[in-house]
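In what follows, a structure is listed as structure tokens, so that the remarks can point back to it.
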Amino acid sequence: MNTEALKDLLYKIADDQLILGHRNSEWTGFGPLLEEDIAFSSMAQDKVGQSWQLYKILNELGESDPDTVAFMRNAEQFHNCHFVELPNGEYDFSLIRHFLFDTAEYLRFSMLADSSYEPLALLSKKIKGEIKYHKMHADIWIKQLGAATDDSISRLQESLDLAMPYALGIFEASRFDEELKADGIFEGESALMAQWKEQITKIIDQTELQLPDLDALTPQTGGRYGEHTEHLQPLLDEMSEVFKIDPTADW
Amino acid sequence: MNTLQSHSEAEIKAWLDEVKDPEIPVLSLNDLGVITGITIQDNGHVRVDMTPTFAGCPAMDVMKSDVEEVLEKRGIADYEVVLSFKTQWNSNMITEKGRKALKDFGLAPPPKHDLIVDIELIERATCPQCNSENTEMKTPFGPALCRSMHYCHNCHQAFEQFKPL
């Protein structure tokens, strides 16, 4: 087993969970409805908790402890995709990101539940059951608002068009994809993307929304290799502000 | 001299009845179904295996240290409490006693399922106050990771359900 390849995989999925979890938590107290406020806060707690479990596996593979890994790295050491670091924007954008990302996330952990690396397979089986609720929540709202009023449809459409190049960046190829596949650890980003396209099309087809021509878009990539937008570092500064006051404090 | 063998696995399990879920204080860890194994080695070493309900459940560490406290209180010095995903928790593992405790507490117990959790299953909730099935799910999320929120059209009360997982 190639440990470097495994660590690269774990870092990118853990970082995705942590960063989107943090973005979701920014809705706490600001949701358009009380139920949505609670939904995004709960999903934040799930995703941050899942990242913690993934960082724990990395810790067992020799990396620093989860708190240090989460709070003490700079942007260029993070491997999340650009999509999760973008600001929340209006609710329509957050909802579209929730739908596009969480569908990919659900499929990714479903694939990883069959991974040959047992600690990851067991955790993924667990996470898959939790993310199912996130995906269900996203699907309900996209189906409802994607076929409701002119306003809701046009706002979602605009966000969908804006989000799509970033969503494609979720599947940025890793330099280890072939090895991970050969070792039976992960089937790879292109296999995941094919499943994702099928799933999102199935939901979008039940609405008035139009899926952009994915082949005509340039994916926003670089995140998996530590290149980020200007939005990540301020997020990390805010997230780690309290931790950095006293990194040795016992919580 | 050898008092190490004086406790049986069943006895240790019974002690754990006093450890409750910190977020649902009427539910013991045994009834929640998170204690997945108790083994005593020949040298007296006690191992308790636990499985998390949710990956990010903040109550798990509290439950783990509560178990450790009970073992120490009972004079067990050589022990380990291991949290792992090897045996995966699902809501069917809540015992009948636990389901009754949840209902008495005002939380609808999770519907039993065949490990296929879909939207129809989540929407189905029986009101813990009046037992009506004329209820509506308001959101699959709630005040804790393990709860969803519902409304009863019969007694006009909002209530929470322990989510099926």
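Read-outs throughout are calculated quantities, based only on the coordinates presented, and are distinct from any laboratory measurement. Values in this document were obtained by computation on a predicted structure and should not be read as measured data. For neighbour counting, all protein chains shown are included, and Cβ atoms are generated from backbone atoms with ideal geometry for every residue, glycine included.
Calculated FRET efficiency, residue A:147 to residue B:123, Cβ-Cβ distance, R0 = 22 Å: about 0.65 to the nearest 0.05. Quick one: Debye curve from the alpha-carbon atoms of chain B only, equal weights, vacuum; give me log10 I(q)/I(0) at q = 0.13, 0.15, 0.17, 0.18 Å⁻¹ to two decimals. At q = 0.13, 0.15, 0.17, 0.18 Å⁻¹ the computed log10 ratios are -0.65, -0.81, -0.97, -1.06. Across the stretch A:193-207, coupling constants 3J(HN,Hα) worked out from phi with the 6.51/-1.76/1.60 Karplus curve, θ = phi - 60°, read 4, 4, 5, 5, 4, 4, 5, 5, 4, 4, 7, 4, 5, 8, 10 Hz, and Gly and Pro carry x. For residue B:27, the residues 5 or more places off, or on other chains, whose built amide H falls under 5 Å of its own are B:21. Going by neighbour counts of Cβ atoms within 10 Å, the residues A:19, B:40 line up, fewest first, as B:40, A:19.
Once you have the Kirkwood Rh of the stretch B:106-162 from its Cα pairs, apply Stokes-Einstein at 25 °C and 0.890 mPa s and quote D in µm²/s. Write down the numbers at each step before the final one.
On the way: Rh = 11.2 Å.
In µm²/s, the coefficient rounds to 220.
Think of it as helices only: each DSSP H run of n ≥ 4 in chain A is worth -39500 (n - 2.57), and spread over all residues that comes to -22000 deg cm²/dmol at 222 nm.
Throw me the Rg/Rh for chain A, computed over C-alpha atoms with Kirkwood Rh, two decimals. Don't jump to the answer; show the numbers that get you there.
Details: Rg = 17.6 Å, Rh = 18.4 Å.
Answer for chain A: 0.95.
Within the listed set A:194, A:70, A:138, the Gaussian network model of chain A (springs between alpha-carbon atoms below 10 Å) gives the highest mean-square fluctuation for A:194.
Would you please give the FRET efficiency between residue A:63 and residue A:114, computed as 1/(1 + (r/R0)^6) with r the Cβ-Cβ distance and R0 = 25 Å, to the nearest 0.05? Plugging the Cβ-Cβ distance into 1/(1 + (r/R0)^6) gives 0.55. Here the stretch B:4-83 yields Rg over Rh of 0.95, to two decimals, using C-alpha coordinates and the Kirkwood radius. Whole-Hz Karplus values for the stretch B:145-160 come out as 4, 8, 10, 10, 10, 9, 10, 9, 7, 7, 9, 6, 10, 7, 8, 10 Hz, taken residue by residue from phi with 6.51 cos²θ - 1.76 cosθ + 1.60 and θ = phi - 60°; glycine and proline positions read x.
Only Lys, Arg, Asp and Glu carry charge here, each on its Cβ (+1 for the first two, -1 for the last two); on that basis the stretch B:106-162 has a dipole of about 200 debye about its Cα centre. Electrostatic tally near residue A:170: other residues with Cβ closer than 10 Å to its Cβ, Lys and Arg +1, Asp and Glu -1, net -1.
With the cut-off at under 12 Å, measuring from each backbone N in the stretch B:21-42 to a point 7 Å along the Cα-to-Cβ line of residue B:105 picks out B:21-33.
Excluding the sites themselves, what is the longest stretch of chain A that contains no GluC sites (Glu not before Pro) in a DSSP loop with at most 13 other C-beta atoms within 10 Å? If you can, show how the numbers build up before the last one.
Values: sites that count: A:90, A:227, A:230.
Result for the longest clean stretch: A:91-226.
Evaluate the charge dipole of the stretch A:3-245 about its Cα centre and quote only its size in Debye, nearest 20, assuming +1 on the Cβ of each Lys and Arg and -1 on the Cβ of each Asp and Glu. Mind dumping the intermediate values first?
Working: 21 positive and 44 negative charges, 119 e Å.
Dipole of the stretch A:3-245, to the nearest 20 debye: 580 debye.
Basic side chains Lys and Arg get +1 at the Cβ, acidic Asp and Glu get -1 at the Cβ, and with that the dipole of the stretch A:31-123 about its Cα centre reaches some 180 debye.
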